[in-house]
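Heads up: the structure comes next, in structure tokens.
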Amino acid sequence: MFKKNKHGIQIKTTEQLDKMRSAGLVVGRTLELLRNSVQPGMTPLDLDAIAEKAIRDEGAIPSFKGYQGFPATICASVNDEVVHGIPSDRRPLREGDVISIDCGAILEGWHGDSAITVAVGEVDPKLTELMRVTEEAMWRGIATLTTGRHLSDVGYEVERYVRSQGRYGIPQEYGGHGIGTEMHMDPWVANHGRPGRGPRFEPGMCFAVEPMVNLGTDRTKVLSDDWTVVTIDGKASAHFEHSVAVTDNGPWVLTALDGGKARLTELLGGEITADGKAE
């Protein structure tokens, strides 16, 4: 039913990519709602409730809730929490915090997965720059998802951009992944490495590209809840992610509301379509 290439990577048909786009848009719209909802005094648990209602109102299912025992709809990681933070009401968000929100949804059996980092009110300029660098690194990685390039090119471009911007930490053990009929599929997508290695990209492949960048060291640890990853030095981290399809017409960003058209046109030149199809 589902075609795979010789490396075991799932290859989607045009119709299947359209279904993934629908799932991706549920996630994209939910994250925009959450971005606009973040304010001092809210709790991560408040945001989780907003996300679950938004996803279910669109006829989709939160893909994180219950995944390997995870108890919530979103991962909400505040300040020095890198990824996989469990939403709670123990500490309201404060002016100057940053919160990374990772969100996934399943629609008709297909997955969308995306993440943003949001400033809570006015934040330190160093945090604003951290978020900018991380998001731009994500887009540089996404731009490599063109037919014929190699899997390792993603991590190479992510790392090259981050290193060019200053002394930031890139956690080596966390990265992106394949996505489709499951949220996490082979292959793993590193945020570092050498170019020109691994499988070549083919139309119909889909990947989640998700750099995590720390203000300090790249070293992390997992808290006693067995989920929340924090920086060893207590400095802040940022996380951005999109689910992306490889097409004959360039990368199609399934979880971006414009399909990635605006940003990829700038990076790749020419006119990028918003639907992965020729105009």
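Each value in this text was obtained by applying a stated rule to the coordinates, not by laboratory testing. A quick note: this is a predicted structure, and the numbers were derived from the prediction, not measured. So basically every Cβ, Gly included, is an ideal-geometry build from the backbone, and we count neighbours across all protein chains shown.
Each Lys or Arg adds one and each Asp or Glu takes one away; over the other residues whose Cβ falls under 12 Å from the Cβ of Thr220, this sums to -2. Each residue of segment 189-202 was assigned a 3J(HN,Hα) from its phi angle through the Karplus expression (A = 6.51, B = -1.76, C = 1.60, θ = phi - 60°), giving 10, 6, 9, 7, x, 8, x, x, 10, x, x, 7, 6, 10 Hz with x at Gly and Pro. Calculate, in whole percent, how much of the Cα-Cα pair population of segment 99-224 lies beyond 22 Å. Looking at segment 99-224, the distances longer than 22 Å represent 38 percent of pairs. Under 17 Å Cα to Cα from Lys53, which lysines show up? Leave out anything in the same chain fewer than 8 places away. Qualifying lysines at Cα under 17 Å: Lys65. Per residue, the average separation of C-alpha pairs within less than 8 Å and at least 6 apart gives segment 71-143 a relative contact order of 24 percent. Normalised by 2.2 N^0.38 Å, where N is the number of residues, the C-alpha radius of gyration of segment 173-279 stands at 1.25. Summing charges over all other residues whose Cβ lies under 14 Å from the Cβ of Tyr156, with Lys and Arg as +1 and Asp and Glu as -1, gives +3. Each pair of Cα atoms in segment 25-96 enters the Kirkwood radius, and Stokes-Einstein at 20 °C and 1.002 mPa s then converts it into a translational diffusion coefficient of 171 µm²/s. If you wrap the tightest convex hull around every Cα atom of segment 69-163 and split its volume per residue, you get 137 Å³.
Per residue of the chain, the DSSP helices (runs of n ≥ 4 H) give a summed -39500 (n - 2.57) that works out to -9000 deg cm²/dmol at 222 nm. Dipole magnitude for the chain: computed about the Cα centre from +1 point charges on Lys and Arg Cβ and -1 point charges on Asp and Glu Cβ, it is near 700 debye. Across the chain, the mean sequence separation of Cα contacts (distance under 8 Å, 6 or more residues apart), normalised by length, yields a relative contact order of 20 percent. By the Kirkwood approach, averaging reciprocal distances over each pair of separate Cα atoms, the chain gets a hydrodynamic radius of 18.5 Å. Just to confirm my numbers, what's the Cα centroid distance between segment 169-214 and segment 218-259 in Å? Rounded to whole Å, the Cα centres lie 10 Å apart. Scanning residues 5 or more positions from Gly216 or on other chains, those with amide H under 5 Å from its amide H are Gly169, with H placed 1.01 Å from N in the peptide plane. By the Kirkwood approach, averaging reciprocal distances over each pair of separate Cα atoms, segment 174-234 gets a hydrodynamic radius of 13.8 Å. Summing +1 for each Lys or Arg and -1 for each Asp or Glu among the other residues whose beta-carbon sits under 15 angstrom from that of Lys235 gives -3.
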